[in-house]
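Reviewing the structure listed below.
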Amino acid sequence: MDEEQFLKAIHFPKETHFLRTFPFNKIEGQLTATQKKVISENVVSRGIRILAVIQENNTNINKYEDEKVRYDSIQFFYIKVKQLKKAVDVYKVFAYIMPNPLVILFIDEKDTKWIFATHEKKKDLTLAIKDVYEISEDVTIDKVEHHFSFNQLTKTDLKAFYQSWIEKMLGIELHSKYGVKKPVVLENNMLQQLKNIDEKTEYIIGLAKREKQMNKRIALQVEANKLKVDKQALIEKETET
């Protein structure tokens with residue numbers, strides 16, 4: 001991926017571009033043995049890049065802080081990993097050591113995964129992860145370049161900016177995965193509702209396959225089919241509105 005061309009394609013202002021390799025050796029001493037193992041086993045050597053830094057002095061987007069949260073700078077990382085299934089573990093290590101909210105675009109040999117997280121301030125003023133948002137591999141770089149823009153995000157303050165970034169990415173995934181072209185709101189996340197139905201359906205189908213008693217297997221299959229109907233009804237309802 002051409003990093004600078006990507007930032008241009010999604011209209012990030014030149015002033016926000018950072019485009020430097022992250023000096024991991026300088027912060028390695030802050031990590032526990034377990035955290036060091038997560039990085040050494042999963043991150044490609046010299047594969048940590050800072051693409052952009054979004055803050056008040058280079059965007060005119062106001063800082064935000066209250067008793068629960070702090071948004072004075074947003075760090076946008078690009079990290080090469082050996083396998084995407086470990087991306088959340090790597091994200092949590094960086095969230096532990098970084099004093100600011102993070103956006104990390106992970107890439108392995110063939111796919112990408114975006115990860116965001118809302119947070120709360122701790123007593124020592126560091127940030128603790130509250131909710132993690134994973135954008136599935138369905139949202140490719142090409143789709144992001146075509147459907148995402150810095151100019152679409154809310155710029156009231158950095159908290160609103162970060163939340164709207166998450167919501168926009170979730171909206172792209174909702175359209176890509178389920179065909180629903182509708183904005184996603186974190187407080188009423190339709191994408192998560194559909195994912196929950198999918199997960200429950202897969203779990204029940206798995207139980208049915210392992211069930212030896214015919215009557216119980218049929219009951220599980222009926223339950224799975226009902227979930228599929230509910231899912232389709234939800235999709236159709238949102239598509240109509």
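For the reader, a short list of remarks on this structure follows.
- Cα convex hull of region 180-241 - mean projected area over all directions, nm²: 4.4 nm²
- For region 15-120, the dipole from Cβ point charges (+1 on Lys and Arg, -1 on Asp and Glu) about the Cα centre works out to 560 debye, to the nearest 20.
- With Cα atoms as the point set, the radius of gyration and Dmax of the chain evaluate to 20.1, 66 Å.
- About its Cα centre, the dipole of the chain is roughly 760 debye, where the only charges are +1 on Lys and Arg Cβ and -1 on Asp and Glu Cβ.
- Peptides 162-175, 203-216, 127-140 ordered by average Cβ neighbours within 10 Å, highest first: 162-175, 127-140, 203-216
- Label sites at LYS182 and LYS237, each approximated as a point 7 angstrom past Cα along Cα to Cβ, lie 0.9 nm apart.
- Estimated [θ] at 222 nm from DSSP helical runs (n ≥ 4, -39500 (n - 2.57)) normalised by residues in the chain, nearest 500: -14500 deg cm²/dmol
- Shape call, region 1-96: gyration tensor on alpha carbons, a/c limit 1.5: oblate
- The GLN213 and VAL88 beta-carbon pair, evaluated with R₀ = 25 Å, returns a calculated FRET efficiency of approximately 0.10.
- Between LYS200 and LYS122, the contour length at 0.36 nm per residue exceeds the Cα-Cα span by 24.7 nm.
- For region 50-144, the equivalent ellipsoid derived from the Cα gyration tensor has semi-axes of 25, 16, 11 Å, listed largest first.
Quick note: the coordinates plus some simple rules give every number you see, no bench work behind them. In this text the structure is predicted, and so the values were computed from the model without any measurement. Counting neighbours? That spans all protein chains shown, and the Cβs are built from the backbone with ideal geometry, glycine included.
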